[in-house]
Amino acid sequence: MIAGILPRGVVAVEAYDDAVPVRLFPAEEELIRNAVEKRRTEFSTARRCAREALAMLGHPPAPILSGERGAPVWPAGVVGSITHCAGYRTAVVAPAADFWTIGVDAEPNEPLPEGVLAAIALPGELDAVARLRATEPGTHWDRLLFCAKEAVYKAWFPLTRRWLGFEEAVVRVDPVTCRFEARLLVAASPGGRPLPCFRGRFVTAGMLMATAIAVPAQC
């Protein structure tokens, strides 16, 4: 699903269930030592996807630990992102020489719980969601907005090591091209490179949706 919205040079491995047994490294086991079974299985499958994706870039099997705010710690020279939701897990990686940052998210194509949209959306985004609901009812646009903002955060955090609130990025979705743009409302210049916005793509497939941002190393 997600491979179709990623640029060339980015590797994705995905799974729609947890049927394949996974043997974690001891350090990974420690991360989920007290986790419930659902968390254990989705974590394990996502790590399997990540190892398979890294193998495609020539990296040997190794623990993929969690760093600050739970972000995956990738081998040197790699950028990537992991996401999972009900019925879907994926890991996306690329060489850091080719891509500056990557952020992906996946969600069920269903409405957000009551009250969540008001908590994550700015006034202009609320208006846009209402218009899209009226003209393109096959997609739950409130959830798509949330999915896009999650991908924005996952692309933002590895560069800045700073929290980014839902209200600190304005997302505009184009339903025709299946692209979105997130204009940042906070200033950031990681490594001296201005970071005014992120551009990404989205896909819906049955009861799932996914968003992806992959920023080239040179642009």
Positions within region 178-219 being of a type in the set (Gly, Ala, Ser), under 19 Å from residue 99 (Cβ atoms) and without any contact (Cβ under 8 Å) to a residue 60 or more places away in the chain, in sequence order: 182, 188, 189, 191, 192
Contacts under 7 angstrom Cβ, first residue in region 37-66 being over 18 Å from residue 15 (Cα atoms), partner β-branched (Val, Ile, Thr) and surrounded by fewer than 17 Cβ atoms within 10 Å (Cβ to Cβ), 6 or more apart: 65/73; 66/73
Single match in 162, 143 (criterion: under 23 Å from residue 217 (Cα atoms), of a type outside the set (Ser, Thr, Tyr) and outside any strand (DSSP E or B)): 162
Residue that is closer than 29 Å to residue 52 by Cβ and either within 15 Å of the chain's Cα centre (by Cα) or surrounded by fewer than 17 Cβ atoms within 10 Å (Cβ to Cβ) (or both), where the choices are 96, 151: 151
Criterion (under 16 Å from residue 212 (Cα atoms) and either among the aromatic types (Phe, Trp, Tyr) or in contact with a helix residue (DSSP H, G or I) (Cβ under 9 Å, 6 or more places away or on another chain) (or both)) met by exactly one of 69, 162, 133, 172: 172
Residue that is crowded, with 19+ Cβ neighbours inside 10 Å, out of contact with any helix residue (DSSP H, G or I) (no Cβ under 9 Å at 6 or more places or on another chain), among the hydrophobic types (A, V, I, L, M, F, W, C) and not assigned by TED's automatic domain parsing to the domain that holds residue 206, where the choices are 76, 53: 53
Residue in region 48-59 that is assigned to a loop (DSSP other than H, G, I, E, B) and under 17 Å from the mean Cα position of the chain (by Cα) present: no
Hits in region 153-177 - residues which are without any contact (Cβ under 8 Å) to a residue 60 or more places away in the chain and of a type outside the set (A, V, I, L, M): 153, 156, 160, 162, 165, 166, 167, 168, 172, 174, 175, 177
Boolean, residue 217 is of a type in the set (A, V, I, L, M), on the phi < 0 side of the Ramachandran plot, in contact with a Phe, Trp or Tyr (Cβ under 8 Å, 6 or more places away or on another chain) and surrounded by fewer than 18 Cβ atoms within 10 Å (Cβ to Cβ): yes
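The values are calculated or read from the model by the stated rules, or taken from the named source; none is laboratory data. Here the structure is a predicted model, which means the values were calculated and not measured. Neighbour counts run over all protein chains shown; Cβ positions are idealised from the backbone, glycine included.
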